[in-house]
Amino acid sequence: MSKVYVIGIGPGEEAYMTQAAKDGIEASNIIIGYKTYINLIEPLIKDKEVIDSGMKKEIERCYLAIDLAEEGKVVSLVSSGDPGIYGMAGALLEVKGQRNSQVQVEVIPGITAVSAAAASLGAPLMHDFAIISLSDLLTDWEVIKKRIHMAGDGDFVIGLYNPKSKGRVTQIEEAREILLKYRKKETPVGIVKNAKREGEEVVITTLDKMLEHNIDMLTVVIIGNSNTYIENGKMITPRGYKL
Ligand code: SAH
């Protein structure tokens, strides 16, 4: 039966991948994805056909997946983390609708970056939180800034995806400036690079000092709410229990 699996592979280490993700890959004839992610799951792919492509080809990858499934193939479209969080699930379903295709699509969730990073930091997401991508490639910066203001004003813990790239360096600076209007400069900030995969780096700092640390596209940043604190090297947002 032709089908497209949109597979969340989690942060990258096999131990953090679900059995459903592994089963989806196993059941597929063809694996499509960005090279870095394909490399992460190499041992699972064995002798399957692999189509890897550059980062800017998301939509082409979706059209290809739908076309191959229409031809009767079972295809896995792999996405890092959770495919439904800034991943390939939305694009694939949009393309399927646009093509008026009847192929079956199954989205398999994965551990998303903020969840992997939170585990390494302690328990920073124990209360309401908002995830915001600082990438303005597909979203107007004005919209992103407004959401940072609202999340700041709402005292949400905030997870920042796509915080900074070689060509996009000012957004994280502006985001911090905005949040300083709503949060103390001592507010705990966790910066995790390569969460739950090889080369993991974990930093716990403050809103004041966060820009002194390395932040890039392999990094997720978690900014505490007004109650978040640091104890024994762990970042904790209280749930509200009376101890
Ligand atoms: N679908 C992915 C997110 C893709 S957006 C997910 O659910 O995790 C890409 C951004 O995710 C990166 O710029 C970075 O901010 C974050 N990211 C993805 N994997 C990460 C990891 N293992 N450690 C830290 N950040 C990660």
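A few notes on this one:
- Nearest 10 degrees, 0 to 90: helix 170-179 Cα axis against the chain principal axis: 50 degrees
- Principal axis analysis of the Cα atoms in the range 3-148 yields extents of 45, 35, 24 Å, listed in decreasing size.
- For the range 146-153, putting each phi into the Karplus relation 6.51 cos²θ - 1.76 cosθ + 1.60 with θ = phi - 60° gives couplings of 4, 5, 5, 4, 5, 5, x, 5 Hz, in residue order, rounded to whole numbers and with x for Gly and Pro.
- With helices as the sole contributors, the chain gives -9000 deg cm²/dmol at 222 nm; each DSSP H run of n ≥ 4 counts as -39500 (n - 2.57), and the sum is divided by every residue.
- Lysine pair count for the range 106-243 (Cα-Cα distance under 14 Å; residues 8 or more apart in sequence or on different chains): 5.
- Cα centroid separation - the range 196-243 against the range 1-52, whole Å: 30 Å
- Partner lysines whose Cα lies under 17 Å from the Cα of LYS96, excluding those fewer than 8 positions away in the same chain, are identified as LYS3, LYS57, LYS73.
- For ALA130, distant residues with modelled amide H under 5 Å away: VAL157, ILE158, GLY159
- Each Lys or Arg adds one and each Asp or Glu takes one away; over the other residues whose Cβ falls under 10 Å from the Cβ of ASN214, this sums to -1.
- Dipole moment magnitude, nearest 20 debye, the range 94-243 about Cα centre, only Lys, Arg, Asp, Glu C-beta charged: 160 debye
- With a cut-off of 9 Å between beta carbons, the residues surrounding GLY122 carry a summed charge of 0, where Lys and Arg count +1 and Asp and Glu -1.
We did not get these values from a lab; they are worked out from the coordinates using the rules stated. Treat the numbers as computed from the prediction; the structure is a model and nothing was measured. Glycine gets a Cβ as well: all are built from the backbone with ideal geometry, and neighbour counts include every protein chain shown.
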